[in-house]
Ligand code: NAI
């Protein structure tokens, strides 16, 4: 039996975690031969609810689940963590402006970044799910100066998976037939799901779908999918978000042949200068991700990539004073 790995989850009594924690404990993230210890963080008013989640986790009698820590202390939750999934965030309240939301979350993610810096494994891999995910990931990484900024990532995989399914359904194919999907930029309505490099069953996507459908239907549908789910379900996407978080971490840790989209520190690739967490196409191997280089970018794509970059720079400007 392998040694257990420690997985911290924040917002552990929330909707996403209600799916996420159980799937991780059952081995969906790191494999059916990898024991895990769950380290669950909540705020004090949610500790009763968190205890209920712990009771249910215990009642599942998961063979891989070695131990559960439930706490409202970030230093305890991140202690020796090998993986950290930062799901808990402050939702937008009545009358709250975008800037207020950014600031409220900046306060949470700066504290958690510092706690990760001071307590987690030196090889910790961090995924930020809580919105605004890219800027929250930036804040956490800026507050963890002893770790590499590249250890912090933001979740774009739900957008990536949504885009794959929209294309597969339109082309009358299965999602397994879709390759080289890319979602660039921010996890927000400015994100750019790009079909220019995408193939379906080995053929260029544009051999199977019309350009007009792409621009006026596909892009807005993917960008607005979160809102469409809230409208239909009366609650935000939770199980699909948890599934995407598992896909992201599994591929990062165990590798994948697929090109996937991850929010990572911009490094100048594709003209996106450092200072923001931008979603790029990456491949993952040996526990590391690498940006896919050398893709041609036409004028249409350039404009879309720049618009979502500009939004991330505006978000950064709103929290600049908290970046240290
Ligand atoms: P939820 O409201 O059901 O759960 C959030 C939990 O976080 C609550 O239990 C709350 O008590 C906890 N929390 C708040 N502040 C905390 C702190 N400082 N430390 C620890 N826990 C804290 O929300 P849900 O549905 O689970 O969503 C969580 C976040 O994920 C939201 O910000 C949502 O917008 C975001 N999200 C991101 C997606 C992405 O693709 N990046 C997709 C879907 C949701």
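Things to note:
- Members of the stretch 269-283 found to be closer than 22 Å to residue 188 by Cα and assigned to a strand (DSSP E or B), listed by number: 277, 278, 279, 280, 281, 282
- Filtering the stretch 223-268 to residues that are touching a helix residue (DSSP H, G or I) at 6+ places or on another chain (Cβ under 9 Å), within 14 Å of the ligand (Cβ to nearest atom) and part of a loop (DSSP other than H, G, I, E, B) leaves 235, 236, 237, 238.
- Within the stretch 284-301, the set of residues being part of a helix (DSSP H, G or I) and either surrounded by 13 or more Cβ atoms within 10 Å (Cβ to Cβ) or touching a residue at least 40 places away in the same chain (Cβ under 8 Å) (or both) comprises 300, 301.
- Among the candidates 127, 102, residue that is within 22 Å of residue 9 (Cβ to Cβ) and either under 19 Å from the mean Cα position of the chain (by Cα) or free of Cβ contacts under 8 Å to residues at least 60 places away in the same chain (or both): 127
- Residue check, residue 307 at pLDDT below 95 and part of a helix (DSSP H, G or I): no
- For residue 65: the one exception among (1) more than 16 Å from the ligand (Cβ to nearest atom); (2) under 25 Å from residue 140 (Cα atoms): (2)
- One residue from 219, 229 being free of Cβ contacts under 8 Å to residues at least 24 places away in the same chain, surrounded by 15 or more Cβ atoms within 10 Å (Cβ to Cβ) and under 28 Å from residue 313 (Cα atoms): 229
- Filter pass, residue 135 being assigned to a helix (DSSP H, G or I) and either surrounded by fewer than 17 Cβ atoms within 10 Å (Cβ to Cβ) or in contact with a helix residue (DSSP H, G or I) (Cβ under 9 Å, 6 or more places away or on another chain) (or both): yes
- Odd one out for residue 207, checked against (1) more than 12 Å from the ligand (Cβ to nearest atom); (2) out of contact with any helix residue (DSSP H, G or I) (no Cβ under 7 Å at 6 or more places or on another chain); (3) touching a residue at least 24 places away in the same chain (Cβ under 8 Å); (4) under 27 Å from residue 293 (Cβ atoms): (3)
- Of everything listed in (1) touching a helix residue (DSSP H, G or I) at 6+ places or on another chain (Cβ under 6 Å); (2) within 24 Å of residue 248 (Cβ to Cβ); (3) not in a strand (DSSP E or B), the single unmet condition for residue 318 is (2).
- Positions within the stretch 146-180 being assigned to a helix (DSSP H, G or I) and more than 16 Å from the ligand (Cβ to nearest atom), in sequence order: 149, 150, 151, 167, 168, 169, 170, 171, 175, 176, 177
- Unique match (being more than 18 Å from residue 245 (Cα to Cα) and in contact with a helix residue (DSSP H, G or I) (Cβ under 6 Å, 6 or more places away or on another chain)) among 163, 149: 149
- Qualifying positions in the stretch 236-269 - at positive phi and surrounded by 20 or more Cβ atoms within 10 Å (Cβ to Cβ): none
- Where helices (runs of 4 or more DSSP H) fall entirely within the stretch 5-114, those with at least 3 residues that are in the same structural domain as residue 148 (by the TED database), out of contact with any helix residue (DSSP H, G or I) (no Cβ under 8 Å at 6 or more places or on another chain) and surrounded by fewer than 22 Cβ atoms within 10 Å (Cβ to Cβ) are at 47-59.
The values are calculated or read from the model by the stated rules, or taken from the named source; none is laboratory data. This structure is a prediction, so every number in the text was calculated from the model and none was measured. Reconstructed Cβ throughout: ideal geometry from the backbone, glycine too, with neighbour counts over all protein chains shown.
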